[in-house]
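All remarks here apply to the structure that follows.
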Amino acid sequence: MGNIVEQIQGVPLNHYIIFCSIIFAIGVTGVLIRRNVIIIMMSIELMLNSVNLLLAAFSAYRGDPSGQVFVFFVMALAAAEVAVGLAIIIMVYRNTKSLDIESLSKLRW
Amino acid sequence: MSVFYLVAFLAIFFALMTIFTKNPVHSVLYLVITFFTLTVHYILLNAQFLAVVNFIVYMGAIIVLFLFVMMLLNLNEEAEPVKSNLVKIMGAIAGMCLLATLLGAFRVIEPSNEMVAAHADIGLVENLGKVLFNEFLLPFEISSILLLAAMIGAVLLAKKDVKKA
């Protein structure tokens, strides 16, 4: 374990911020360019994960465990969100026979 | 130190593959690898509890849920809806703009360039448990209500409507 701890000594906080921003931007791009509802949900998971990692990095940086507890709550929330979201997707698929997000455009009214 | 950059590169690569692959099942599998690289990041941060929870909840529960839904809906590549190229290019440009904005903002505020210090023991299960059950006991209990509500909601939503059928 001491070896692993030595591994992270050399990584500045900046690089964690940049890395997590890149993953978050990839998630946003995924939401924008795909039309499959399931892949949009997966992109949202990607965004949540990047934020989680940044919270954990700040928590390790400050030496404050509250950040990691918060990550735990975000994970519980993500699990609930995925369960309800996928149930809604299944319901939509039963009614429209397609996973295209455009098939929901009737909701615009 | 170099392990971080290698794993970060892999995470970015597989995240890109996730959103650019045509086949949704391949997309889910790339997402598994992305989550695994993030688990490695947690281990590098010495957040062992989060690493284990990430492994179990994300790679175990959430990904299996995605795969089950894909199996249930019987997707294949032909059923995949495709956006027009113009919208794709505009989406990619918008994502890059967001990234540029974020990075520019971070450059202006100049977050400290110090190394992430290894507080060796805050991520261990024992210490997190102490914090979780002292300061965060009420949110912890409330999150159980949230999970219960989500479970009931998912069952109610996904159930076939008996009266209509």
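The values are calculated or read from the model by the stated rules, or taken from the named source; none is laboratory data. Every value quoted in this text rests on a predicted model; they were computed, and no experiment measured them. Note that we place each Cβ from the backbone using ideal geometry, even for glycine, and neighbour counts take in every protein chain shown. Ligands, DNA and RNA are excluded from the accessible area calculation, which covers all protein heavy atoms including side chains. Shrake-Rupley method; radii C 1.70, N 1.55, O 1.52, S 1.80 Å.
Structure data summary
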read-out	value
Karplus (6.51, -1.76, 1.60) ³J(HN,Hα), θ = phi - 60°, over segment B:29-35, in Hz, Gly and Pro reported as x	5, 5, 5, 4, 5, 4, 5
Charge context of A:Glu45, other residues only, Cβ under 14 angstrom, K/R +1, D/E -1	0
Heavy-atom accessible surface that B and A bury in contact, both chains counted, 1.4 Å, Å² to 100	7600
Interchain or long-range residues, amide H under 5 Å from A:Asp64's placed H	none
HN-Hα J in Hz across segment B:135-150 - Karplus 6.51, -1.76, 1.60, θ = phi - 60°, x for Gly and Pro	6, 10, 5, 5, x, 4, 5, 5, 5, 5, 5, 4, 5, 5, 4, 5
Lys/Arg +1, Asp/Glu -1 at C-beta; chain A dipole; positive extreme among A:Tyr61, A:Ile23, A:Ser105	A:Ser105
Cα-based Kirkwood hydrodynamic radius, chain A, one decimal, Å	16.1
Cα-based helix-to-principal-axis angle, A:37-62 vs chain A, degrees rounded to 10	20
Using a Förster distance of 30 Å, the FRET efficiency for A:Arg62-B:Ile152 (Cβ separation, nearest 0.05)	0.20
Within 10 Å of each Cβ in B:26-33, the average number of Cβ atoms from other chains	2
Nearest 10 degrees, 0 to 90: helix A:13-33 Cα axis against chain A principal axis	10
Electrostatic dipole magnitude of chain A [Cβ: Lys, Arg +1; Asp, Glu -1; Cα centre; debye, to 20]	520
Under the Karplus curve 6.51 cos²θ - 1.76 cosθ + 1.60, θ = phi - 60°, whole-Hz ³J(HN,Hα) for segment B:39-44, x wherever Gly or Pro sits	4, 4, 4, 4, 5, 5
